[in-house]
1. Indicate, rounded to the nearest 5 percent, the antiparallel portion of the DSSP beta bridges found entirely in the chain.
2. Express in nm, to one decimal, how much length is gained between residue 28 and residue 148 on full extension, taking 0.36 nm for each residue of separation and deducting their alpha carbon distance.
3. From the gyration tensor of the Cα coordinates in the range 152-209, what semi-axes in whole Å does the equivalent ellipsoid have, largest first, with each one equal to sqrt(5λ)?
4. How far apart, in nanometres, would the label points at residue 189 and residue 217 be if each is projected 7 angstrom from Cα along the Cα-to-Cβ direction?
5. Considering Cα pairs under 8 angstrom that are at least six residues apart, work out the relative contact order of the chain and quote it in whole percent.
6. What does the charge count near residue 68 come to, summing +1 for each Lys or Arg and -1 for each Asp or Glu among other residues with Cβ under 13 Å from its Cβ?
7. Greater than 28 Å separation of Cα atoms is the criterion. Which listed pairs, 234/266; 49/228; 40/234; 172/200; 111/193; 172/274, meet it?
8. Hey, for a label at residue 199 modelled as a point 7 Å past Cα toward Cβ, could you say which residues of the range 128-168 have their backbone N under 20 Å away?
Amino acid sequence: MTEEKNSCSHDCAHCSVKHDSCSDPSERDLKFIAQMASIKHKIIVLSGKGGVGKSTVSVNIAFSLAMAGHRVGLMDVDFHGPSIPTMLGIKGARTESDNNAILPIEVAGVKVISVDFFLDNSDNAVIWRGPMKQGAIKQFLEDVAWGELDFLVIDCPPGTGDEPLALCQIVKGDKRAVVVTTPQEVAAADVRKSLDFCAKLALPVLGVIENMSGFACPHCGAVTYIFKQGGGEKLAEQAHVPFLGRIPIDPTVADSSDAGLPLVCKYPDSPTAKAFTDVVRPIGKLLLDGEGA
Ligand code: ADP
């Protein structure tokens, strides 16, 4: 009996954490378990390559889900290049706290957190090793007053480094990845690594989104495929995961980001906003159907 207790390592019935001993979870553990349980679905947005539009896609997924009536949070863990605050016009905003909890900044009902809100100067570089990033991720998940959420969209930095790994280890409950690519082989080659990362860590993939897929002429509507076609579809097929759809290159995407409002809010009736909602609809449906809703 004593020996069993000393060497005990078991799966917690509440949180799937492997506990090293039979001691009860601490108050902090219980708080974290409760917080994770109040966020139904965590969507981790990944890409092997920078500049493919991962943050743009994260923002537009979050706001499309919110516009469809869901309770949504948006967590920016791109510590070295947080662009979400710029895209939402809240760069340099400061959080407040209430009852030891950090209050996220709300934009059109979406609760947002980013390292940018904690920097003395938004232009300062964040120079952190892995354990510090892991600590910040844990704190964002644990100490931010997210409240009850249907979806928490998490924007990762490019690649398969500390941040996505920490998220896979720390986030409890339903978590899935959305992988963003552009059609070119150079991007696809790196994004293939993200899909391999998901497979190795048993992180379910909701699907692949191909961004910057063809340019629709604003005058005549004709689509020019500036890059190759079908890279995202091919990636999804090879990895045996769903292909969620294409988002065209559209100058209004960059304009609205620069102006601090997601395209789906600024130009909700545009063909590109429709492309975003077409991509997001099956994500919401899949996850909510899975709840038996
Ligand atoms: P990442 O997060 O992958 O580094 P971003 O989302 O920051 O990429 O996007 C990089 C740049 O490309 C931004 O200026 C953004 O506005 C622009 N962009 C992203 N997607 C599109 C698109 N579909 N059409 C036009 N510009 C886009």
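FYI, it's all coordinate maths here, none of it is from the lab. Not measured: the values here are computed from a predicted model. Neighbour counts are summed over all protein chains in view; Cβ atoms, including those assigned to glycine, are modelled from backbone coordinates with ideal geometry.
1. Expressed as a percentage, antiparallel bridges in the chain total about 25.
2. Value of the extension gain: 41.4 nm.
3. 20, 11, 10
4. Rounded to a tenth, the inter-label distance reads 3.3 nm.
5. Here the relative contact order equals 23 percent.
6. Within the 13 Å Cβ shell, the charges total +1.
7. Check vs 28 Å cut-off fails for 234/266; 40/234; 111/193; 172/274.
8. 159-161, 164-165, 168
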